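All remarks here apply to the structure that follows.
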Amino acid sequence: MRIAILNRLLALLVLLLAAALAAPAPAEDASPLAPLDTTSPRGTFLAMRELGQALDAAYAAYLADPSFALQSEIRGILARTGRLFDLGATPPAARREVGAASFGMLKDILMRLPEVDPAALPGDAATAPDRTRLPGTEIEIVRIPDGADRGAFLFSADTVAQLPDFHARVIDRPVLHPGPYDSWRVEQVRFTGPLVPAFLHDLPGPFQVLVLGTPLWKVAASLALFAAAAGLAGLWAAVCLRRARRMRPTLAPAVRLTVPLVLGGLVLAARAYVIGQINVSGAFFALANATSLAVVVIAAAWALRALWSLTAELVVATPAFADGRLDAHLVRMLARVLGLLSAAAVLVYGANALGVPVLGLVAGVGVGGLALALAAQSTIENLLGGVSIFADRPFSVGDFIIYAGGKGYVESIGPRSTRIRSDDGMQITVPNAELASIQVTNKTCRDATLFHHVISLDYGATEARLADFARRMLATIATYPLDLDAEVPPRVRVIALHSYAIDVEIQADLLAVDEDDFFRMQEELLLAVMALVAATGLAFAHPVQTILVGQGDPRVLPS
């Protein structure tokens, strides 16, 4: 039932996205061959006036017959207006809205002020001063000294910052130059796309109250849409992550990859409808725009990490890595590191687009940067230690190692540490830098395992019985896999005569796959020793202690 509901909601949101994107993408230039004239203060002012006239005509046509084509034309005109303002200090993600809002406020202001004669403004760039004010106002047009707009005359950044105050001071004055509306800024706030039902414009007064510069009904509709997108993404994540636990290693990362992709896609769809159709404005636009883009950036970083993980699993699944356990972990470690670096790059890029100067902060930390580098020293050492382990191959995942501080089976080798499972079942995490700098004994990597025992037989043994035992014991050892290139061949020899026993040494290098295999062979051989001792009439010797008991005067010591 939950999956069916999820599918229906996803289908509905896809339809909304398709409808929101059905309109042609707004072009920033009505004609690429007719750029705005910003070569002088007079040219910039006339360009602003021409754009205002074009906007009035397009908006009047849209009110008469709303359509995607007219909406696209209006958005294209507003996009061009941003080129008349110095928005260098505005975050890239907010420049379009700030430019359109500044144009709307400036248009309202000029409708309420005496007519400005363009001839009163300098028209020659060579003789024009760097700063020019519109007559009778504090509105400035300045020459941009550097950057992409170097040499252009734009409405200054200070003017952009003061426009809200200027607008508030004159908006209640009578309109001196009537147009299709009394305030474009009001129309801009009320404006909606063709996909928004018309009855929403006629909601009662409380729903039209401005909240953060946007009518209340727009705020409520936008929050509901973003909440729906987040809810759908959460349901999708719950389903995918639960099912991924039961999937193959190569399929599970692919399923996990869909979670950030669906999250980012749903948020982009909601954002397209909120900004393109509902048309929020003011501080609420800045909040919705920054929050949605931040989620998209995080989803993109998340998706890149998941993509690297999926790539690693696909590479490891190839036949070339079938027997390379260490190589497989090296690929996974590299994928993890590259995933983190890629995600960090996306986050830095996104933060800069949203106006958070991450690169500047990192570059300007000074002594703090040195402290950060020192703090990260151990992390870098462990990362290099992990690379050293993969390069030198002192052990592999699954090997049994002995090192200063413990022993156990290697479970995984990560970017920072190696995890070892001890004999008592506890998991031990050892920094890679430590393992790379100490002596490590790899018991799994040995060519053969030495079977070496000395047994003590009593003096009831005859020479013939000892020889028969040695011959039959060697024949038994020969039935096991042996290291034929060992320096000492398998042997059963009498090596010592003690006061109470005869010592016999049994030695052989067994080719055991692992410790369990060796312990099995050792047990079988020891049981064979016991059986042969009994079969040849021999007996194991035991230490004997003789105690003399006698009578006499305890004060007289024996001579």
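The values are calculated or read from the model by the stated rules, or taken from the named source; none is laboratory data. Since this is a predicted model, take the numbers as computed values, not measurements. Every residue, glycine as well, gets a Cβ built from its backbone with ideal geometry; the counts of neighbours run over all protein chains shown. Heavy atoms of the whole protein, side chains included, go into the accessibility calculation; ligands, DNA and RNA do not. Shrake-Rupley method; radii C 1.70, N 1.55, O 1.52, S 1.80 Å.
Filtering segment 385-423 down to residues that are at pLDDT 70 or above and of a type in the set (A, V, I, L, M), which residue is farthest from residue 434 (Cα to Cα)?
397
Of all residues in segment 236-247, count the ones that are open to solvent by 60 Å² or more (accessible area, probe 1.4 Å), part of a helix (DSSP H, G or I) and hydrophobic (A, V, I, L, M, F, W, C). Before you say what the answer is, go through the steps one by one.
Of all residues in segment 236-247, those open to solvent by 60 Å² or more (accessible area, probe 1.4 Å) come to 236, 241-243, 245-247.
Of the ones still in play, those that are also part of a helix (DSSP H, G or I) are 236, 241-243.
After this cut, where a residue has to be hydrophobic (A, V, I, L, M, F, W, C) as well, the list is 236, 241.
Within segment 236-247, residues that are open to solvent by 60 Å² or more (accessible area, probe 1.4 Å), part of a helix (DSSP H, G or I) and hydrophobic (A, V, I, L, M, F, W, C) number 2.
Between a residue in segment 481-492 that is closer than 20 Å to residue 524 by Cβ and any residue that is open to solvent by 80 Å² or more (accessible area, probe 1.4 Å) and at pLDDT below 80, which pairs come within a Cβ distance under 9 Å, given they are 6 or more apart or on different chains?
Every condition considered, the pairs that remain are 483/447; 486/447.
Any chance you could count how many residues in segment 497-517 are in a strand (DSSP E or B) and either closer than 17 Å to residue 528 by Cα or in contact (Cβ under 8 Å) with a residue 40 or more places away in the chain (or both)? If you could, list the steps in order and put the result at the bottom.
As a first pass, look at segment 497-517 and keep what is in a strand (DSSP E or B): 497, 502-510.
Remaining after also requiring either closer than 17 Å to residue 528 by Cα or in contact (Cβ under 8 Å) with a residue 40 or more places away in the chain (or both): 502-510.
Qualifying residue count, segment 497-517: 9.
Quick one: residue 75 ticks every box in (1) open to solvent by 60 Å² or more (accessible area, probe 1.4 Å); (2) at pLDDT 80 or above; (3) outside any helix (DSSP H, G or I) except a single one, so which number is it?
(3)
When you check residue 82 against the structure, is it within 39 Å of the chain's Cα centre (by Cα), open to solvent by less than 10 Å² (accessible area, probe 1.4 Å), of a type in the set (Gly, Ala, Ser) and closer than 19 Å to residue 156 by Cβ, yes or no? Give the steps one after another, and end with the answer.
Values: within 39 Å of the chain's Cα centre (by Cα): yes; open to solvent by less than 10 Å² (accessible area, probe 1.4 Å): no; of a type in the set (Gly, Ala, Ser): yes; closer than 19 Å to residue 156 by Cβ: yes.
No.
Among the residues of segment 171-203, write down those that are in contact (Cβ under 8 Å) with a residue 12 or more places away in the chain, outside any loop (DSSP other than H, G, I, E, B), over 12 Å from residue 107 (Cβ atoms) and out of contact with any Pro (no Cβ under 8 Å at 6 or more places or on another chain).
Residue satisfying the conditions is 200 alone.
Of the residues that make up segment 91-106, is at least one over 16 Å from residue 180 (Cα atoms), open to solvent by 30 Å² or more (accessible area, probe 1.4 Å), outside any helix (DSSP H, G or I) and out of contact with any strand residue (DSSP E or B) (no Cβ under 9 Å at 6 or more places or on another chain)?
yes
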